[in-house]
Amino acid sequence: MMQNGIVKRTLAEHRRALDGGEYTSRELTRAYLDTIEQREPSVGAYLTLDAERAMQAAREADERRALGIQKGALDGIPYALKDNFCTAGLRTTSASKMLENFVPPYDATVVARLREAGAVLLGKLNMDEFAMGSTNENSALGITRNPLDPGCVTGGSSGGSAAAVAAYEAPFALGSDTGGSIRQPAAFCGVLGLKPTYGVLSRYGMIALASSLDCVGIVTHTASDCAAVLSALIGKDRLDATSRTHPDPSFEVSGELPHLRVAVVRELLEGDEVSPAVVRSCKTAVELLRAHGAEIDEVSLPSPGSALASYCVLSAAEAASNMARFDGVRYGNRKADVSDLSEFYAQNRSEGLGEEVKRRILFGSYMLTREKRAMYYDRARAARCEIRERMTEILNRYDLIINPTTPTGVFKRGEKITPEKRRRADLCAVYASLAGFPAVSVPFGRDENGMPLGLHLTAAPFREALLLRVASFFEEVGE
Ligand code: GLN
């Protein structure tokens, strides 16, 4: 059958096939929709499908091509979106009961840019509620299973994005990454996940979790696919005050591997929480780089404990403030028969929000109280500055920081793990988030059960091209 072959192709291959008339955008879109139909009963990546409009957009792309008009490299190519990006006329839930029926009147900037580039939106993907979580089990609206082993979680919070790409239910997907939410699920599902430099991709229309950390991220199978999507999305956006122009917007992944100076983080390869398979796989990767002429040194970062604590406090404090808008007045779950205003807010929020969201609102609000602020919030900010300074210092001397994406392999679904252990899953990814630096997770190695692991590369701001070049080296050399 046609779809089995074509859904596994890269974006460049799709582009060539569309240009050469091997298949149409309608046939390509149909192939992904058929795969979705076959795989969804066991994967469950999508919360909302938009098949009809997808076919319509594909038809328009075909008509354009027939006339020799092309909008860009992604014209006629399907994709899917984490359900925290606003899509005009299409339900956007953030996997929360609070927004179960919310239909935004506008598109997020990245969605508008992809529409402008001719890409075809297939639907919206499951996630942890309001992007709070590391397994996708915090979704209030559905269960997503790891396509490589249905007994395992996908990771989170962009679990639907990683699962959809891994299951070939979309050739690429967007998600958000606040403290690892693109990179960690990408690692657990065996795909590539990029969190660009903070500010490089506009967050306008992406439902905020923690604004000083939130980034739009990209999930693909290959580094060169990721480069193509990144190129279509960059560009300053006056609707997001943190948006920046990329000073070096060419993301060519081919060519010689440059001479590299690589820093290996000592703290992330020792300690009880890091599993032996993870250590082994990261060391193998380092040796491969050394064999290709890279200079390797061990470096030290501020302690993982302080990075995690800083991330927890800052992300919860900012989340508590961002969540205040979900009160049922303008959006979301709304109780009609309450006359008292505070009772109205309390009921709407108690019913509409899940456990983890409530826990973080309480925790974050507590961190911001007058008595606790200096003790927790201010110290968390100081720790963040120290991390950023140390990483800047390291990346002045080295091209890359390398470490595992996660301290252990993927969890089993329903595994009883403490919130503490769940948070530790973010350990290796939060440094780049706190610093605002670009980072990529590329599949490399296997855990004790044969499930994929990720290798995590961080570079100085705006060096996405280097990250993708090195990621493509690891694709070539394999595991
Ligand atoms: N897993 C992390 C958390 O629960 C990261 C979330 C994210 O990046 N959105 O906070």
Would you mind giving the three semi-axes, in whole Å and largest first, of the ellipsoid equivalent to the stretch 105-170 according to its Cα gyration tensor? 24, 15, 8
When the Debye formula is applied to the Cα atoms of the stretch 241-379, each taken as the same point scatterer, what base-10 log of I(q)/I(0) results at q = 0.11 Å⁻¹? -0.75
Among the trypsin sites (Lys or Arg not before Pro) within the stretch 217-250, which fall in a DSSP loop and have no more than 10 other Cβ atoms within 10 Å of their own Cβ? R238
Mean accessible area per residue over the stretch 312-436 (1.4 angstrom probe, all protein chains present, square angstrom) is 51 Å²
In whole percent, the Cα-Cα distances of the stretch 293-438 spread across 10 Å bins from 0 upward as 10, 29, 29, 20, 8, 3, 1, 0
How many percent of the accessible area of the stretch 145-190 is carbon or sulfur, using a 1.4 Å probe? 46 percent
May I ask you to compute the full-extension gain from E22 to D272, defined as 0.36 nm times their residue separation minus their alpha-carbon distance, rounded to one decimal in nm? 84.7 nm
With every protein chain present, what accessible area does M367 have (1.4 Å probe, heavy atoms only), rounded to the nearest 10 Å²? 10 Å²
Suppose only helical runs count, i.e. DSSP H with n ≥ 4. What mean residue ellipticity at 222 nm does that imply for the chain under -39500 (n - 2.57) per run, divided by all residues and rounded to the nearest 500 deg cm²/dmol? -12500 deg cm²/dmol
Burial order of peptide ranges 45-51, 85-91, 150-156 (average beta-carbon count within 10 Å, highest first): 150-156, 45-51, 85-91
With a/c under 1.5 counting as rounded, go ahead and sort the stretch 83-220 into rounded, prolate or oblate using the C-alpha gyration tensor (a ≥ b ≥ c being the square roots of the eigenvalues; past the cut-off, prolate if a/b is larger than b/c, else oblate). rounded
Can you compute log10 of I(q)/I(0) for the chain with the Debye formula, treating each Cα as one identical point scatterer, at q = 0.13 Å⁻¹? -1.19
Checking rank on 193-202, 251-260, with mean other Cβ inside 10 Å and highest first, the result is 193-202, 251-260
Nearest-10 value in Å² for the accessible area of T10, using the 1.4 Å probe: 40 Å²
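Multiplying the sequence separation of E287 and N396 by 0.36 nm and subtracting their Cα-Cα distance, what value in nm do you get?
37.0 nm
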Rounded FRET efficiency, nearest 0.05, which uses the C-beta distance separating A12 from I69 and R0 of 22 Å: 0.65
List the extent of the Cα atoms of the stretch 1-136 along each of their three principal axes, largest first, rounded to whole Å. 45, 32, 24
I'd like the accessible area for S211, computed on protein heavy atoms only with a 1.4 Å probe and all protein chains in place. Round to 10 Å², please. 40 Å²
If R0 is 25 Å, what FRET efficiency do you get for R446 and E476 from their C-beta distance, rounded to 0.05? 0.90
Calculate the FRET efficiency for M55 and L362 from the Cβ-Cβ distance with a Förster distance of 41 Å, rounded to the nearest 0.05. 0.35
Leaving ligands, DNA and RNA out of it, report the carbon-plus-sulfur percent of the accessible area of the stretch 1-54 at a 1.4 Å probe. 47 percent
Once label points are set 7 Å from the Cα along Cα→Cβ at both K335 and Y106, what is their separation, rounded to one decimal in nm? 3.2 nm
Its Cα gyration tensor gives the stretch 396-479 an equivalent ellipsoid whose semi-axes in whole Å, largest first, are 25, 18, 8
Over the chain, what is the percentage of antiparallel beta bridges among all DSSP beta bridges, to the nearest 5? 65 percent
Mind listing which trypsin sites (Lys or Arg not before Pro) in the stretch 282-355 are in a DSSP loop and have 15 or fewer other Cβ atoms within 10 Å? R330, K335
Nearest 5 is fine: what % of DSSP beta bridges in the stretch 186-341 come out antiparallel, could you say? 40 percent
Could you order the peptides 296-307, 414-425, 448-459 from most to least packed, using the average number of other C-beta atoms within 10 Å per residue? 448-459, 296-307, 414-425
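The values are calculated or read from the model by the stated rules, or taken from the named source; none is laboratory data. Note that the structure is a prediction, hence the values are computed from the model and not measured. Virtual Cβ from ideal backbone geometry, glycine too; neighbours counted across all protein chains shown. When the accessible area is computed, the model is the full protein with side chains, heavy atoms only, and any ligands, DNA or RNA have been set aside. Shrake-Rupley method; radii C 1.70, N 1.55, O 1.52, S 1.80 Å.
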